[in-house]
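Nothing in this text is a laboratory measurement; each read-out follows from the coordinates by a stated rule. Every value quoted in this text rests on a predicted model; they were computed, and no experiment measured them. Ideal geometry is used to build each Cβ from the backbone, glycine not excepted, and the neighbour counts take in all protein chains shown.
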Amino acid sequence: MTAPLLSITGLNAVSDREKGQPILRDVALTLERREVRGLVGESGAGKSTIAKALLGILPRTVRVTGGAIRFEGRDLLVLPPRALRDIMGSEISLIPQDPQTALNPGRRIEAQLTDGLRMRRGLSAREAHVRAVRLLEEVHIRDPERVLRSYPHELSGGMRQRVLIAAAFALEPKLVVADEPTTALDVTVQKQILRLIRGIQQAHGTGVIFVTHDLGVVAQICDSVTLLYAGKVIEEGRTADVLAAPRHDYTRALIAAGPRYDRPDAGLKPVPQAVFEQLRAEIGIR
Ligand SMILES: Nc1ncnc2c1ncn2[C@@H]1O[C@H](COP(=O)(O)OP(=O)(O)OP(=O)(O)O)[C@@H](O)[C@H]1O
Ligand SMILES: [Mg+2]
């Protein structure tokens, strides 16, 4: 039997910023090749901490106190820095949250999209250009030559996010981590971008960890889902199963609350206080 693409086991982390407060509590999660797994939870649940751990970019004030993150069987937490550098950006890449700040404002899109292809894949300028055009076509950019000549400020937010998706898939990584890649976009653009990510992920056979607050997004793009609360996995399974038959009251309350359960101002049903009390009792926090 081959190892899953990604297997996180017993992952524990504490915050040195908050007096050793636990951030992740025995987190376990697996991702098969070509699978899209949603990582869901409210603010502070630990979603970005897991994403950063996968990319080897945890802040110094977050300390991993146990567990393993196996990528194709190799534990990323104990790999030497050199081996890690070879993997990051090449076999594991990121679709960032904010398309405004993720691109270098002083460089044309072509340079930013072809750097990795030239330096890490050894393509010539010409080959990298051809590949960049193809990638932009894959994210449904109609005039790729013009976009390649552009600076980031000349593109709309939705276009920049498409460029970042193309960049994340450029080196044919096996795992793409998307940390709330559509929260900065308006709802219609958001839907298009989700469809694009799904399409390019399927075309390339990439595994994706998709961080989101939004169960509606999970329903739309994720094969499976892991729900976190205060750094603890509360529920996990195939998306269809979890949404149809949630095991935990918290999951049930979130589904009842509607797609944007994190936005009480949207006039949706809030999660009852008793459910939070039950959760905190189970996890052992006050
Ligand atoms: N740089 C840091 N140093 C120490 N602790 C941190 C750091 N960043 C975040 N934390 C703590 O880690 C916990 C989880 O934060 P994390 O950013 O992973 O949550 P999240 O689920 O991504 O939330 P959000 O939806 O707001 O992005 C929080 O309690 C937070 O205070
Ligand atoms: Mg986050």
Just want the answer: with Cβ charges of +1 for Lys and Arg and -1 for Asp and Glu, which residue in Gly199, Ala166, Ala178 is farthest toward the dipole's positive end in the chain? Ala166
If you wrap the range 29-97's Cα atoms in a convex hull and average its projection over all directions, what's the area in nm²? 5.4
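Work out, step by step, the length gained on full extension between Ser43 and Arg74: first 0.36 nm times the residue separation, then minus their alpha carbon distance; give nm to one decimal.
Gain in length upon complete extension: 8.2 nm.
Less than 9 Å Cβ to Cβ from Leu148, Lys/Arg counted +1 and Asp/Glu -1: what total charge do the surrounding residues give?
Counting the neighbours of Leu148, the net charge comes to +1.
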Kindly provide the pair-distance distribution of the chain built from C-alpha pairs, with 10 Å bins from 0 and whole-percent values in order of increasing distance. 6, 27, 34, 23, 8, 1, 0
The chain: DSSP helices with Cα axial extent of at least 24 Å and average Kyte-Doolittle hydropathy no lower than -1.0: 187-204
Extension length gain for Arg108 and Glu145 (0.36 nm per residue less Cα distance), in nm, is 12.2 nm
25 °C / 0.890 mPa s Stokes-Einstein diffusion coefficient of the range 103-172, Kirkwood radius on C-alpha pairs, µm²/s: 209
How far is it, in nm, from the label point at Gln273 to the one at Arg63 when both lie 7 Å from their Cα along the line to the Cβ? 3.6
Where is the GNM fluctuation largest for the chain (alpha-carbon springs, 10 angstrom cutoff): Val271, Val176, Val163? Val271
Set the Förster radius R0 to 25 Å, insert the Cβ-Cβ distance between Glu18 and Arg252 as r into 1/(1 + (r/R0)^6), and round the FRET efficiency to 0.05. 0.25
When the Karplus curve 6.51 cos²θ - 1.76 cosθ + 1.60 is applied with θ = phi - 60°, which whole-Hz ³J(HN,Hα) does each residue of the range 75-81 get, with x for Gly and Pro? 6, 4, 6, 10, 6, x, x
Taking placed amide H atoms and a strict 5 Å upper bound, the residues 5 or more places from Val208 or on another chain that come that close are Glu35, Val36, Arg37, Val176
